[in-house]
1. Report yes if some residue within the range 201-209 is at pLDDT below 90 and among the basic types (Lys, Arg); otherwise report no.
2. In this structure, is Asp240 of a type outside the set (A, V, I, L, M), open to solvent by less than 60 Å² (accessible area, probe 1.4 Å) and part of a helix (DSSP H, G or I)?
3. Just checking, which of Ala143, Ala139, Ala125, Ala153 is aliphatic (A, V, I, L, M), surrounded by fewer than 14 Cβ atoms within 10 Å (Cβ to Cβ) and closer than 29 Å to Glu18 by Cβ?
4. Name the single residue that is modelled with the lowest pLDDT among those in the range 67-84 being surrounded by 15 or more Cβ atoms within 10 Å (Cβ to Cβ) and among the hydrophobic types (A, V, I, L, M, F, W, C).
5. Quick one: what pairs do we get from the range 1-23, first residue in contact (Cβ under 8 Å) with a residue 40 or more places away in the chain, second open to solvent by 30 Å² or more (accessible area, probe 1.4 Å) and small (Gly, Ala, Ser), C-beta under 7 Å, 6+ apart or different chains?
6. Going through the range 106-122 one residue at a time, which ones are part of a helix (DSSP H, G or I), more than 14 Å from Ser65 (Cβ to Cβ) and open to solvent by 30 Å² or more (accessible area, probe 1.4 Å)?
7. Restricting to the range 175-188, give me the number of residues that are open to solvent by 20 Å² or more (accessible area, probe 1.4 Å) and in contact with a Phe, Trp or Tyr (Cβ under 7 Å, 6 or more places away or on another chain).
8. Could you check the range 191-200 and list, in sequence order, the residues that are open to solvent by less than 10 Å² (accessible area, probe 1.4 Å) and not aliphatic (A, V, I, L, M)?
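The values are calculated or read from the model by the stated rules, or taken from the named source; none is laboratory data. All figures in this text were calculated on a predicted structure; none of them were measured in a lab. Using ideal geometry, Cβ is built from the backbone for each residue, glycine included, and neighbour counts are taken over all protein chains shown. SASA here: full protein model, heavy atoms, side chains in, ligands and nucleic acids out. Shrake-Rupley method; radii C 1.70, N 1.55, O 1.52, S 1.80 Å.
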Amino acid sequence: MDQLEQAVGLVRDVMGPELLGTYLHGSAVLGGLAPASDLDVLAVTQQSLDEAKRQALVEGLLEISGLTPTVRPVELTVVVQSEVCPWRFPPTADFLYGEWLREEFQTGAAPRPGPMPDLALVLTAVLAGDRPLTGPPPAELLAPVPHTDLVRASVGGIPDLLDELDDDTRNVLLTLARIWTTLATGEIRTKDAAADWAMARLLPEHRPVLEHARNMYLTRHYQDEAWSKELKAQVRPHVDDVLTRIDRLRQQA
């Protein structure tokens, strides 16, 4: 049984009849998994998870998910249907598991319900990808997200993203390229496709760092990331240019 089957089986077993559907999204749907890509799954349920279900999901995902050359990270988002349909902003996520939270979960913590602006991007991707793993097509359970809220969700996370620029350079550059692409086109693309779109519009001096980030995304795991001093020196000017373009689109929206 592969990781995706294990994750969906875990969700189905834990949630039982309260589960309305599970949906694959992200790179696996948009254009294929890169070496470090997550397996992204959205689960839609009838009601909020109780504490026992939260703990059961965390315990199972700690076993299924990982960040090694042979085990992919699983990102599981759970929403209560009535919290996202009819749509309102900011949306509420009932549960979120990701590998960046592993240390917290290993201490016994479990995800709690709370506002999650990024859910606007997740739901848009789920609706566009239309890849049910269980349940009906997502459009039968979810409402479309207005473009203005897609913009709000995209730009709202930029300050936190920039805090990670030195430690997670590849991911930050690719995510900024995807934000720019989403604001300009209304589409959510894979990180490499967004980078291709952005590089075609950047000045020549701002292309090399994004091209390097794209190539590492397609060929290397996170632990193999490497930057020369020359490329590192070009990161901040590149980011400043992309942020200017994003802000221009935000103001137009």
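1. no
2. No: the conditions fail for Asp240.
3. From the options Ala143, Ala139, Ala125, Ala153, the qualifying one is Ala139.
4. Taking the candidates together, the pick is Leu67.
5. Taking only residues 6 or more apart or on different chains, the pairs are Val14/Ala56; Leu20/Gly135; Gly21/Gly135; Thr22/Gly135.
6. Leu121
7. 0
8. Selection gives nothing.
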